[in-house]
1. Which one is nearest to B:Tyr59 (Cα to Cα) among residues in the range B:140-168 that are surrounded by fewer than 13 Cβ atoms within 10 Å (Cβ to Cβ) and in contact with a strand residue (DSSP E or B) (Cβ under 9 Å, 6 or more places away or on another chain)?
2. Any idea which of (1) facing chain B (nearest Cβ under 10 Å); (2) of a type in the set (Phe, Trp, Tyr); (3) away from DNA strand C (no atom under 11 Å from the Cβ) is the one A:Phe49 doesn't satisfy?
3. Is it the case, given these coordinates, that B:His44 is surrounded by fewer than 21 Cβ atoms within 10 Å (Cβ to Cβ), facing chain A (nearest Cβ under 8 Å) and more than 30 Å from A:Phe178 (Cα to Cα)?
4. Go over the candidates A:Leu40, A:Leu74 one by one and state the one that is in a helix (DSSP H, G or I), under 13 Å from the mean Cα position of the chain (by Cα) and at negative phi.
5. Determine whether A:Asp120 is away from DNA strand C (no atom under 11 Å from the Cβ), closer than 30 Å to B:Leu135 by Cβ, crowded, with 19+ Cβ neighbours inside 10 Å and within 12 Å of chain B (Cβ to nearest Cβ).
6. Checking B:Val128 against (1) of a type in the set (Val, Ile, Thr); (2) touching a Leu at 6+ places or on another chain (Cβ under 7 Å); (3) crowded, with 19+ Cβ neighbours inside 10 Å, which test does it fail?
7. When A:Arg51 is evaluated against the numbered criteria (1) under 28 Å from B:Pro146 (Cα atoms); (2) out of contact with any Ser or Thr (no Cβ under 9 Å at 6 or more places or on another chain); (3) charged (D, E, K, R), which criterion, by number, is the only one it fails?
8. Give all pairs with beta carbons closer than 7 Å in which a residue from the range B:87-107 that is touching a residue at least 12 places away in the same chain (Cβ under 8 Å) meets a residue that is in a loop (DSSP other than H, G, I, E, B) and surrounded by fewer than 14 Cβ atoms within 10 Å (Cβ to Cβ); count only pairs at least 6 apart in sequence or on separate chains.
Number of protein chains: 2
Amino acid sequence: MEAMETSETERLAALIERLGRLIYAQAHAENLLPVHWETLRFLHRANRFSRSPAALAAYLGLTKGTVSQTLNTLINKGLLEKRTHPKDRRSRQLALTARGNQLLEQDPLSQLCSTLHGLDTARRSALVQDLEQVLSGSLIAQGRTPFGQCKECRYFAKTHRAGQPHYCELLGEPLSEFDGLQICQEQQPAA
Amino acid sequence: MEAMETSETERLAALIERLGRLIYAQAHAENLLPVHWETLRFLHRANRFSRSPAALAAYLGLTKGTVSQTLNTLINKGLLEKRTHPKDRRSRQLALTARGNQLLEQDPLSQLCSTLHGLDTARRSALVQDLEQVLSGSLIAQGRTPFGQCKECRYFAKTHRAGQPHYCELLGEPLSEFDGLQICQEQQPAA
DNA sequence: CCTATATGGTATCGAGTCGATACGACAGTC
DNA sequence: GACTGTCGTATCGACTCGATACCATATAGG
């Protein structure tokens, strides 16, 4: 029974799992389900190249069919809008409605934030760094998309173009300061 | 739009949420659902005073009714057994079957473990400590049960009794070395 | 001893996830 | 124009999950 002597890695994994369940249990607030909150948060953080059903499915690790249904429920609740993409008529552009953005201000995840606020600043920075490493490591090991920040991407150029301070060398699009902070489907961490 | 400048706490919360989703997406393996794996893990780690439907419901943050159904599906799959508690005929004692224990060796969570193994040892210890603080802080803030380790409890006494090395001063029961490592419904962190 | 009350568990219902499967619409390539 | 891959949708069945109502048993107070 080598399971008796729970190693530190196992305890750590159990901790992360349990924190996940904690968030999950809180996320039934406001008559929504966990996946709904995750969708709203994603659309708030994702850049304009990533606000599509396909990107959301990749982000959540769900099938396209499942995500399609979830989006419909959110649209019926008036939290979300869906339009055909002007340049690729197969694709759909997603956007939060005013009510969607408003609801996001009562995000149950902010309860966790206030607990995190009590941590020592230096240790919190180390925590972010470590968890980021663990997360992207695991995602890449599974062949999934990391969805990192735009400005941390190898294609992010600090080149002025069309009145914007930055530029994406992959998609050939100008980027604002704000764009650089959002997460992107295509992001590949800089070397 | 103060949301544009995502603070470090918000990024940290998002990271934890995303790690939770990562585990969730993996947990559809072996024809089980996430809550099934969590149940199996709980029964593996919980001491004999905590292997009941009520304790599991408190652990998961779900209602008794929901847990009751989930347990039935696991029993139907032959992974779990349920007996009436000999001293309280309202209560049920849960136990993993041989197949249940066997399945637990293919726990998809072990994929995360291997990633965690790559972390620096010192930082990993700090990580465990910090996350433990965050988790128990959040749980207590919500009025929920921390489910800490028996040996970290204020009622854990290093008193020999009935041939066992330790003793629970709350329940008046002798405790083995192994008992001290398991998690308990009644645990209250020592001062 | 008997009754109130609290606690542990179950049964049923409806909304909704979720994977699987099959399908339709459209883009890009030859 | 046909081929092929990608994006999205519709439908089905298993199951979660909260809500509600309910039963069985323990415990406390008179």
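1. B:Arg154
2. Tallying (1) facing chain B (nearest Cβ under 10 Å); (2) of a type in the set (Phe, Trp, Tyr); (3) away from DNA strand C (no atom under 11 Å from the Cβ), A:Phe49 fails exactly one: (1).
3. Values: surrounded by fewer than 21 Cβ atoms within 10 Å (Cβ to Cβ): yes; facing chain A (nearest Cβ under 8 Å): yes; more than 30 Å from A:Phe178 (Cα to Cα): yes.
Judged against the criteria, B:His44 is a match.
4. Working: A:Leu74 fails: under 13 Å from the mean Cα position of the chain (by Cα).
After ruling out the rest, the residue left standing is A:Leu40.
5. Values: away from DNA strand C (no atom under 11 Å from the Cβ): yes; closer than 30 Å to B:Leu135 by Cβ: yes; crowded, with 19+ Cβ neighbours inside 10 Å: no; within 12 Å of chain B (Cβ to nearest Cβ): yes.
So A:Asp120 fails the test.
6. That leaves (3) as the condition not met.
7. (1)
8. Short answer, once both residue conditions are applied: B:Ser91/B:His85; B:Arg92/B:His85; B:Gln93/B:His85; B:Thr97/B:Gly78; B:Arg99/B:Gly78.
The values are calculated or read from the model by the stated rules, or taken from the named source; none is laboratory data. Model, not experiment: these values are computed from the prediction. Every residue, glycine among them, receives a Cβ derived from its backbone with ideal geometry; neighbour counts consider all protein chains shown.
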